[in-house]
Ligand code: CIR
């Protein structure tokens with residue numbers, strides 16, 4: 001039973017703008033062979049994405065490397081969605097939100113675990129409202145959504161869910177109070193939260209790492225050298241390819257930003273089915289593969 005200190009949002013059901021569903025979609029937490037999933041950190045029945053809006057030109061960025069091109073962003077985004085859907089997952093495609101220039105990066109607004117969806121409290125003032133916009137969409141799948149209430153802040157991009165624990169990187173967007181609130185919510189559901197540090201100057205913890213399977217992470221050397229992945233198998237990004245670390249394992253595929261051939265080769269050699277996706281426009285806004293989707297398997 002949920003405890004009183006959780007702030008539940010009991011929200012009216014609201015239809016998402018567009019839903020792409022493949023014929024072979026799965027509706028329960030069962031894998032491709034029909035047995036119960038164990039690889040919950042990369043096996044998903046659903047994803048939510050939001051199309052980029054014309055507002056991306058005003059998106060946040062650490063360094064100005066040029067104005068993102070909407071048309072190219074849209075093309076890359078459509079390719080990304082098609083790959084998610086090709087795994088058999090049901091992909092909900094939300095319409096653009098002009099009021100939130102960074103809202104294409106849906107990952108930061110929520111954390112979706114098999115048992116519960118949690119609306120985040122994003123650390124950038126221009127993004128705080130994205131969580132409340134995402135909550136009713138998630139309520140369609142989960143029935144209710146727990147909200148991070150504050151006073152702390154936490155972005156989904158700082159949260160790495162592995163098979164055995166939840167790592168949360170402190171960053172310019174995520175503070176200790178936000179992590180503590182997440183830990184209180186998830187500990188009631190038998191998850192262990194471990195606070196780690198995001199390297200200085202790096203936007204999010206997951207800017208520098210991704211889960212590849214139950215025991216393996218892809219990470220930059222500057223992050224894995226901190227020892228935060230001791231006990232995991234680590235595949236490091238190649239020299240000069242730090243930006244390849246923000247990949248996603250989604251069912252049988254690994255989606256990688258295009259343009260990092262040595263890291264792609266390392267993953268292929270390790271046996272992963274790697275697909276490259278153009279990421280030039282998202283990268284201008286410090287975004288990558290994980291930022292563009294919420295990946296989850298809601299209760300059946
Ligand atoms: C931001 O600064 O919030 C966006 N321009 C990029 C967010 C990327 N999201 C992520 O790494 N999870």
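The values are calculated or read from the model by the stated rules, or taken from the named source; none is laboratory data. This is a predicted model, so every value here is computed, not measured. Don't worry about glycine lacking a Cβ; one is built from the backbone with ideal geometry, like all the others, and counts go over all protein chains shown.
Data overview
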item: Which numbered condition residue 220 misses (of (1) surrounded by 20 or more Cβ atoms within 10 Å (Cβ to Cβ); (2) within 24 Å of residue 251 (Cβ to Cβ)); result: (2)
item: Boolean, residue 101 is at pLDDT 95 or above, in a loop (DSSP other than H, G, I, E, B), within 14 Å of the ligand (Cβ to nearest atom) and more than 16 Å from the chain's Cα centre (by Cα); result: yes
item: Test: residue in the stretch 125-133 that is surrounded by fewer than 19 Cβ atoms within 10 Å (Cβ to Cβ), more than 14 Å from the ligand (Cβ to nearest atom) and either part of a strand (DSSP E or B) or at pLDDT 95 or above (or both); result: yes
item: Residue within the stretch 155-163 that is touching a helix residue (DSSP H, G or I) at 6+ places or on another chain (Cβ under 8 Å) and either farther than 29 Å from residue 215 by Cα or away from the ligand (no atom under 14 Å from the Cβ) (or both) present; result: no
item: Scan of the stretch 249-276 for residues that are in contact (Cβ under 8 Å) with a residue 60 or more places away in the chain, buried (at least 22 other Cβ atoms within 10 Å of the Cβ) and in contact with a helix residue (DSSP H, G or I) (Cβ under 8 Å, 6 or more places away or on another chain), ordered by number; result: 250, 255
item: Residues of the stretch 196-210 satisfying the condition of being part of a strand (DSSP E or B) and either near the ligand (Cβ under 10 Å from one of its atoms) or closer than 14 Å to residue 173 by Cβ (or both); result: 197
item: Given (1) away from the ligand (no atom under 16 Å from the Cβ); (2) surrounded by 23 or more Cβ atoms within 10 Å (Cβ to Cβ); (3) free of Cβ contacts under 8 Å to residues at least 60 places away in the same chain, number of the condition residue 185 does not satisfy; result: (3)
item: Scan of the stretch 265-282 for residues that are within 16 Å of the ligand (Cβ to nearest atom) and in contact with a strand residue (DSSP E or B) (Cβ under 7 Å, 6 or more places away or on another chain), ordered by number; result: 277, 279
item: Entirely in the stretch 214-300, the helices (runs of 4 or more DSSP H) that have 2 or more residues that are closer than 19 Å to residue 171 by Cβ; result: 221-224, 280-283
item: Filter pass, residue 241 being more than 18 Å from the chain's Cα centre (by Cα), surrounded by 16 or more Cβ atoms within 10 Å (Cβ to Cβ) and over 29 Å from residue 45 (Cβ atoms); result: yes
item: Matching residues, the stretch 38-88, being within 15 Å of the ligand (Cβ to nearest atom) and closer than 18 Å to residue 296 by Cα; result: 47, 48, 49, 50, 80
